[in-house]
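Below is one structure; the comments refer to it alone.
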Amino acid sequence: MTVSREASAGALAGLRVVDASTLFAGPMAAMHLGDMGADVIKVEHPSRPDPSRTHGVAKGDVNLWWKTLGRNKRTVTANLSSDGGREVFLALASTADVVIENFRPGTLERWGLGYEDLSARNPGLVLARVTGFGQFGPYSPRPGFGTLAEAMSGFAAATGEPDGPPTLPPFGLADGVASLATAYAIMVALAGRTASGRGQVVDVAIIEPILAMLGPQITRWDQLGTVQPRTGNRSTNNAPRNTYRTCDGHWVAVSTSAQSIAERVVRLVGRPELADEPWFATGADRAAHADELDEAVGGWIAQHTRDEVVAAFEEAQAAVAPIYDAADIVADPQFRALGTIHEIEDPELGTTLMQGPLFRLSDNDGVIGFTGRPHGADTDEVLGSLGFTAARIAELRAEGAV
């Protein structure tokens with residue numbers, strides 16, 4: 001477990017990111033950049049905060065998802081559709097390297113805050129636009145959420161039991177994948193700026209990154225005219241591959257993507273003769289005999305505890321993993337060794353655990369300097385640093401612009 005410290009000179013120190021997006025894909029991309037040291041300024045409407053502040057579970061009136069999603073972000077309010085809010089946003093964008101937004105296409109332009117307006121003041125600005133369907137095309141005006149991307153990308157069609165309905169994930173999978181794509185795209189655009197001296201527009205449609213993660217489904221359809229079927233926890237490419245229940249009521253997952261691993265598994269469970277079957281020689285042929293393999297592997301696992309199963313598989317150098325919930329993750333020695341879970345002091349919650357940055361760097365490693373802050377908590381400080389006087393900030397507040 002890692003105890004987070006005050007943010008130091010991270011790898012992205014000196015990079016300023018204005019996060020004007022809401023809910024998940026855009027804000028999570030900004031969170032990834034903030035974890036690596038970027039100065040992230042979160043811009044929210046004065047009376048309509050980011051809905052993620054009230055999404056999911058809370059402890060009392062303290063939302064827990066926002067504590068993670070809003071970490072390492074200073075928070076500012078601005079009504080971008082007002083003259084005063086436009087003034088504030090233009091001032092912010094003039095000092096920024098990156099702006100992230102997820103308004104429907106044309107909204108920023110309607111407010112006089114499109115890329116032409118922003119880049120006229122800051123030619124090096126990268127504007128990352130994250131929407132459900134992209135900036136153009138027949139669906140671009142539609143509201144778009146990760147659920148729709150999970151449906152349209154082919155993910156839901158391929159997920160679930162063979163005789164059951166298409167299945168959606170119980171969390172923001174498409175948004176999370178899009179956040180990674182957005183952070184990557186921003187860094188690519190910044191690398192391009194190093195060569196050209198100019199920024200550019202990044203257009204991320206949430207329906208696309210998750211589609212890219214689903215393998216060769218498009219090429220398969222083009223070349224073979226077939227689509228990937230729903231197979232539950234099984235695979236059409238290898239077997240045994242499934243989840244199995246242990247005698248103490250836990251579950252484990254087994255994978256045999258490599259032929260040598262499959263052979264070790266059947267020897268471990270006392271069925272070495274299966275490895276001599278002609279159909280055992282390839283993953284696809286083994287998958288056609290999944291019932292027989294599941295009976296052998298599942299029957300053996302059902303007679304042992306989770307710890308016994310994991311220890312036996314480890315000794316046999318076969319691939320198994322316990323199926324964890326959050327309590328298991330926090331206690332696991334590998335996650336502890338990696339420092340995956342960070343322990344942070346939060347002013348509202350006290351000592352708080354959350355997952356940390358996505359990876360480690362040998363220099364300038366990422367840190368969580370602070371958790372999600374209250375709505376608009378840093379407005380006066382940030383605007384003051386931009387040259388707004390206390391009197392002007394008071395005027396903007398009276399107008400409802402901040």
_Qualifying position, being more than 20 Å from Gly34 (Cα to Cα) and touching a Gly at 6+ places or on another chain (Cβ under 7 Å), among Thr159, Thr131_ = Thr131
*Residues located in region 195-225, provided they are part of a helix (DSSP H, G or I), open to solvent by less than 100 Å² (accessible area, probe 1.4 Å) and touching a residue at least 40 places away in the same chain (Cβ under 8 Å)*: Ile207, Ile210, Leu211, Gln217
*Taking Arg336, is it open to solvent by 70 Å² or more (accessible area, probe 1.4 Å), touching a residue at least 24 places away in the same chain (Cβ under 8 Å) and not in a strand (DSSP E or B)?*
yes
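One line per residue, one yes/no per condition, for (1) open to solvent by 70 Å² or more (accessible area, probe 1.4 Å); (2) closer than 24 Å to Val188 by Cα:
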{"position": "Asp117", "(1), (2)": "no, yes"}
{"position": "Arg121", "(1), (2)": "yes, yes"}
{"position": "Ala128", "(1), (2)": "no, yes"}
{"position": "Tyr139", "(1), (2)": "yes, no"}
*Mind checking whether some residue in region 268-280 is open to solvent by 60 Å² or more (accessible area, probe 1.4 Å), assigned to a loop (DSSP other than H, G, I, E, B) and in contact (Cβ under 8 Å) with a residue 24 or more places away in the chain?*
yes
_Which numbered condition Leu108 misses (of (1) in contact with a Gly (Cβ under 8 Å, 6 or more places away or on another chain); (2) closer than 22 Å to Val402 by Cα; (3) part of a loop (DSSP other than H, G, I, E, B))_ = (3)
*Sort out which residues of region 152-184 are part of a helix (DSSP H, G or I), within 23 Å of Ser52 (Cα to Cα) and either open to solvent by less than 60 Å² (accessible area, probe 1.4 Å) or at pLDDT below 95 (or both), and write them in order of number.*
Leu173, Ala174, Asp175, Gly176, Val177, Ala178, Ser179, Ala181, Thr182, Ala183
*Breaking point among (1) exposed (fewer than 15 other Cβ atoms within 10 Å of the Cβ); (2) closer than 25 Å to Arg220 by Cβ, for Arg286*: (1)
*Taking only region 25-51 into account, find how many residues are open to solvent by less than 10 Å² (accessible area, probe 1.4 Å) and touching a Ser or Thr at 6+ places or on another chain (Cβ under 6 Å).*
6
_Within region 310-333, considering residues that are assigned to a helix (DSSP H, G or I) and of a type in the set (Asp, Glu), the one surrounded by the most Cβ atoms within 10 Å (Cβ to Cβ)_ = Asp328
*asked:* Just the residues that are in a helix (DSSP H, G or I) and not small (Gly, Ala, Ser), please, taken from region 10-46.
replied: Pro27, Met28, Met31, His32, Leu33, Asp35
*open to solvent by less than 10 Å² (accessible area, probe 1.4 Å) and either of a type in the set (Phe, Trp, Tyr) or modelled with pLDDT under 95 (or both): does that describe Phe89?*
yes
*Residue list for region 226-260, restricted to those being hydrophobic (A, V, I, L, M, F, W, C), surrounded by fewer than 20 Cβ atoms within 10 Å (Cβ to Cβ) and part of a loop (DSSP other than H, G, I, E, B)*: Val227, Cys247, Ala258
*Kindly indicate which of Asp175, Asp97 is touching a helix residue (DSSP H, G or I) at 6+ places or on another chain (Cβ under 8 Å) and under 23 Å from Ala13 (Cβ atoms).*
Asp97
*Which residue out of Thr75, Thr54 is crowded, with 21+ Cβ neighbours inside 10 Å and polar (S, T, N, Q)?*
Thr75
*Looking at Gly192, is it part of a loop (DSSP other than H, G, I, E, B) and either of a type outside the set (Ser, Thr, Tyr) or without any contact (Cβ under 8 Å) to a residue 40 or more places away in the chain (or both)?*
no
*asked:* I'd like to verify a number: residues in region 61-72 that are part of a loop (DSSP other than H, G, I, E, B) and crowded, with 21+ Cβ neighbours inside 10 Å, how many?
replied: 3
*Assess whether Ser260 counts as being out of contact with any Asp or Glu (no Cβ under 9 Å at 6 or more places or on another chain), under 27 Å from Asp163 (Cβ atoms) and not assigned by the TED database to the domain that holds Pro166.*
no
*For Leu358, all conditions in the list (1) under 22 Å from the mean Cα position of the chain (by Cα); (2) outside any loop (DSSP other than H, G, I, E, B) hold save one; what is the number of the exception?*
(2)
_Residues of region 339-353 satisfying the condition of being in a strand (DSSP E or B) and open to solvent by 40 Å² or more (accessible area, probe 1.4 Å)_ = Glu343, Glu345, Thr351, Leu353
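The values are calculated or read from the model by the stated rules, or taken from the named source; none is laboratory data. Small disclaimer: the values here were computed from a predicted structure and weren't measured. Cβ coordinates were reconstructed from backbone atoms using ideal geometry, including for glycine residues, and neighbour counts include every protein chain displayed. Accessible surface is based on the protein model in full, side chains and every heavy atom, while ligands, DNA and RNA are left aside. Shrake-Rupley method; radii C 1.70, N 1.55, O 1.52, S 1.80 Å.
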